[in-house]
Amino acid sequence: MKYPSFDHFFMTLGNKQRVRMLQLLNVEGPQSVSDISRALNVEQSAVSHSLQHLLQCHFVTVKQDGKERIYSINEDTVAPLFGQIRKHVEKYCVAGCDHSWESDKEVTYGHKRQTA
């Protein structure tokens, strides 16, 4: 049995940059491409490319604000999903997981600190 929609969903989340963008939007709220680029120290073209993937699977929404496009996390499904992921990570992954990713564990967005 094939589940192409599931494959696409997890492939979208399989990219660290896209996950960090979702974390940023979840913590800091709506952001423009240039805001995201500055916060994550990533080229604007790479941010735009990643946002297209996130839009395809409706992980984010977009609104036009003058000349800027403002991106937000999908509050209906993705924000609650990230809440569940956080609960799981805090309960099961902090002490019991392989910490080869330790240097990436703490990510700072603006003035707020978020544990990845």
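The values are calculated or read from the model by the stated rules, or taken from the named source; none is laboratory data. All values derive from a computational prediction rather than experimental measurement. Ideal geometry is used to build each Cβ from the backbone, glycine not excepted, and the neighbour counts take in all protein chains shown.
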Every listed condition ((1) in contact with a strand residue (DSSP E or B) (Cβ under 9 Å, 6 or more places away or on another chain); (2) touching a residue at least 24 places away in the same chain (Cβ under 8 Å); (3) of a type outside the set (Gly, Ala, Ser)) holds for residue 35 save (2)
Residues in region 37-53 that are surrounded by fewer than 15 Cβ atoms within 10 Å (Cβ to Cβ) and touching a helix residue (DSSP H, G or I) at 6+ places or on another chain (Cβ under 6 Å) total 2
Note on region 23-36: residues surrounded by 13 or more Cβ atoms within 10 Å (Cβ to Cβ) and either farther than 23 Å from residue 10 by Cα or of a type outside the set (S, T, N, Q) (or both) are 24, 25, 27, 28, 30, 31, 32, 33, 35, 36
Taking region 4-19 and the residues there that are within 17 Å of residue 77 (Cα to Cα) and of a type outside the set (A, V, I, L, M, F, W, C), the one that is surrounded by the fewest Cβ atoms within 10 Å (Cβ to Cβ) would be 5
Within region 61-116, residues among the polar types (S, T, N, Q), in contact with a strand residue (DSSP E or B) (Cβ under 9 Å, 6 or more places away or on another chain) and at pLDDT below 90 come out as 108, 114, 115
Within region 49-63, restricting to residues that are under 13 Å from the mean Cα position of the chain (by Cα) and free of Cβ contacts under 8 Å to residues at least 24 places away in the same chain, the one that is nearest to residue 85 (Cα to Cα) is 58
